[in-house]
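For reference, the structure discussed in these notes is given below.
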Amino acid sequence: MNGILNLNLAGAIILLVASGSLAFYGQPDLQQKWQFIATEFEPRLLQRQVQIDPAELLNLMHDDHVELLIYDVRPEPDWNRFHLVDSEHVPFESLPAHRQRLRELPENAVVVVVSNDELLATEAWKRLMVLAKPNAYILEGGLNHWLNVYGVPSDEVGGHGKTSLDAADGKLRHTFRLALGGRHAAARPDEHDIPKREYTPKVKLLKKIVKALGCG
């Protein structure tokens with residue numbers, strides 16, 4: 001009887017030690033979890049299957065059949081200076097708080113991650129894959145590229161000149177006279193007012209919901 005009690009006590013101690021070790025060392029962090037799925041998702045990054053042209057994002061912004069989430073993961077000062085209309089400021093470190101929302105997205109949802117160039121957006125995309133594996137993409141060249149394509153002349157209020165994209169250092173490489181946020185002319189250009197831009201479509205919807213036309 002004492003032997004059984006001793007075995008039970010030993011087992012309880014082992015479980016307690018194991019639990020304490022798990023609490024001490026913690027569960028695998030997000031970077032470690034990325035390593036588990038990298039073989040599946042990293043080729044999409046390397047083959048540039050998820051980096052979409054500014055024109056494709058603009059088309060999504062005007063598509064009523066798509067539920068578009070634009071996650072701007074930049075620091076707040078850059079967000080205040082300029083951001084896309086309808087984008088959400090979701091700082092990189094706060095992405096885990098969106099796990100449940102991302103897992104409950106409808107089939108016509110598309111998530112596009114944006115940063116100043118592709119550096120931070122790429123890390124955010126990896127994090128989204130770990131958290132929920134949504135139908136997510138990255139703005140090619142970031143907002144620096146967007147502003148090169150859709151920006152306004154530098155002599156206008158809040159204007160800027162074009163900038164080289166050769167240096168990818170995570171910085172907003174455009175200078176603004178005012179912090180206009182989403183009120184800037186380039187925040188959501190009218191497709192009818194700009195030259196048509198050719199691009200290779202990359203976004204694939206899990207399901208496209210077509211709205212019924214009204215009668216009469």
Query raised in the report: Where does each of 140-146, 186-192 land if you order them by average Cβ count within 10 Å, highest first?
Result: 140-146, 186-192
Query raised in the report: Quick one: which of 85-96, 34-45 comes out on top by average Cβ neighbours within 10 Å, and what's the full order, highest first?
Result: 85-96, 34-45
Report summary line: Mean shadow area (nm²) of the C-alpha convex hull around segment 51-193 is 8.1
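Throughout, read-outs are computed from the coordinates displayed, never taken from laboratory work. Keep in mind that what you see is a predicted model, and the values were worked out from it rather than measured. With ideal geometry, Cβ positions are generated from the backbone for all residues, glycine too; neighbour counts draw on all protein chains shown.
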